[in-house]
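The structure appears right after this line, and notes come after that.
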Amino acid sequence: MNPPVNTIIWNMTRKCNFRCDYCYFPHDNTPVTETLDANRIKEVLDSTGQTWKIGLTGGEPFIYPDFVDVCETLTSSHVIGIDTNLSIPSKVKEFARRIDPKRVHNLYVALHIEERERLKGVEAFIRNARLLIDSGFTIIVNYVVHPNLEKRFHIDRKFYASHGIVITPRPFRGEFNGRRYPEAYGERARDIFLDHPEQGKKVAFNFYDVPCTAGKTLLRMEADGTIFRCPGDKTVLGNILDTVNFLQKAEPCIKKRCPCQGLAHVQLSPAQKHLVDGVQYAVVAENITSRTSFEAAMEADPGHPCAENNLGVLDWRKGDFANAIAHFKTALECMPENERYARNLAGAQAGDQNFDPEICLDVNPDLS
């Protein structure tokens, strides 16, 4: 099913029954005590006259008290999506029995293979996943391709495919051995995300000052009911238990790193859209398509330094130092103080073949 344009991301809890090494939340498996009235959430969203997709995330949503009751209330007039590790069979069975699959956009299921093996939960996971699939739910099983798991990812994908479960690679986000991912996958991204390029393309763009309808069509709700404009912009718009002051029009983004669903809500010019497409293709090593996008950006906005730089990166990547140098020089002439462009130029002039796409690509489309 197609999700509604309007999305609210509800961070139900930061508690979780897993303790993955790469998780950015501290492990806490104590009972969830801070809860919200699902009827009140439904009432506020109903008042907008719009259908909302409510993203239930955490932590682990299925440990939330009366979780299936919450889902039943919300899906009476809206749709839900759930981020879950699918590790509690009794709750999964109840969910499959009581919730209409047509009111669930997706279940985003995290495999977290090492943690699941530690808990001896592989067989239970397969049963839970098959139950939902056979009940008509759409599940997307995400496999975080941590740099330590790159080699075994393909083996695990074949194993779960033998049980009728498709594994979707999900980029590791963060630092590992001094490098930032997912940009640092480099050329390896082509093999990892070949069948699922939409995952590899998830880049944290810099949309600073670009008009965005977050606060109107996108909200973030914390466990205590506080409403933020979005996951990145912590401007408080009220509390679900009291009053929510929805924004009425697009407002400039105030963050320099968009952590979530900004692409569905920012208002990009044609040149900016091409630049965004080009970066997404570049990080999954679809270099020809990436070049086409950057060239289209140049046609829409001649001389745009971001496009010039990124075309230089593509030339650098294939060893064409002469053209890379020319692009970097042009970009630097437009923005002499840009350290990225100066660093790229120096690297290309030195013939450095071990460049890092993490720090070379420009993810800021609004430089004009």
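The values are calculated or read from the model by the stated rules, or taken from the named source; none is laboratory data. Small disclaimer: the values here were computed from a predicted structure and weren't measured. All Cβ positions, glycine included, derive from the backbone under ideal geometry; neighbour counts span all protein chains shown. These accessible areas exclude ligands, DNA and RNA; they are computed on the full protein's heavy atoms, side chains included. Shrake-Rupley method; radii C 1.70, N 1.55, O 1.52, S 1.80 Å.
With every atom except the alpha carbons ignored, what do you get for Rg and Dmax of the chain, in angstroms?
For the chain, the Cα radius of gyration and maximum Cα-Cα distance read 22.0, 63 Å.
Averaged over all directions, how much area does the convex hull of the C-alpha atoms of the stretch 106-227 cover when projected, in nm²?
Working: hull surface 43.3 nm².
Dividing the Cα hull surface by four gives the mean projection, 10.8 nm².
Quick one: give the max-minus-min coordinate of the C-alpha atoms of the stretch 253-339 along each principal axis, largest first, in Å.
Per principal axis, max minus min of the Cα coordinates gives 38, 29, 23 Å.
Carbon and sulfur: what percent of the chain's accessible surface (1.4 Å probe)? Walk me through the numbers before you get to the answer.
Numbers: 8400 of 16970 Å².
Of the solvent-accessible surface of the chain, carbon and sulfur hold 50 percent.
For TRP52, enumerate residues with amide H under 5 Å from its amide H, sequence gap 5+ or separate chain, H modeled in the peptide plane.
VAL79
With +1 assigned to the C-beta of every Lys and Arg and -1 to the C-beta of every Asp and Glu, and no other charges, what is the dipole magnitude of the chain about the Cα centre in debye, to the nearest 20? Before the final figure, lay out each step's value.
Details: 44 positive and 48 negative charges, 183 e Å.
Computed charge dipole of the chain: roughly 880 debye.
Toward the positive end of the charge dipole of the chain, about the Cα centre and with charges on Cβ (Lys, Arg +1; Asp, Glu -1), which of PRO147, PHE246, THR75 goes farthest?
Among PRO147, PHE246, THR75, the one farthest towards the positive end of the dipole of the chain is THR75.
If you place +1 on the Cβ of every Lys and Arg, -1 on the Cβ of every Asp and Glu, and leave all else neutral, what size is the dipole of the stretch 1-159 about its Cα centre, to the nearest 20 Debye? Write down the numbers at each step before the final one.
Numbers: 21 positive and 20 negative charges, 101 e Å.
The dipole magnitude comes to about 480 debye.
Using only the alpha-carbon atoms of the stretch 167-242 as identical scatterers, what base-10 log of I(q)/I(0) does the Debye formula give at q = 0.21 Å⁻¹?
Listed by q, the Debye log ratios stand at -0.93.
Please quote Rg/Rh for the stretch 1-115 to two decimal places, taking the Kirkwood radius as Rh and restricting both calculations to Cα atoms. Mind dumping the intermediate values first?
Working: Rg = 14.1 Å, Rh = 14.7 Å.
Checking Rg against Rh, the ratio lands at 0.96.
Write down the percent of antiparallel bridges among all DSSP beta bridges whose residues are both part of the chain, to the nearest 5.
Numbers: 12 of 41 bridges.
Restricted to the chain, the bridges split so that about 30 percent are antiparallel.
Semi-axes of the stretch 174-310's equivalent ellipsoid from the Cα gyration tensor, sqrt of 5 times each eigenvalue, largest first, rounded to whole Å?
With the √(5λ) rule applied to the stretch 174-310, the semi-axes are 31, 20, 12 Å.
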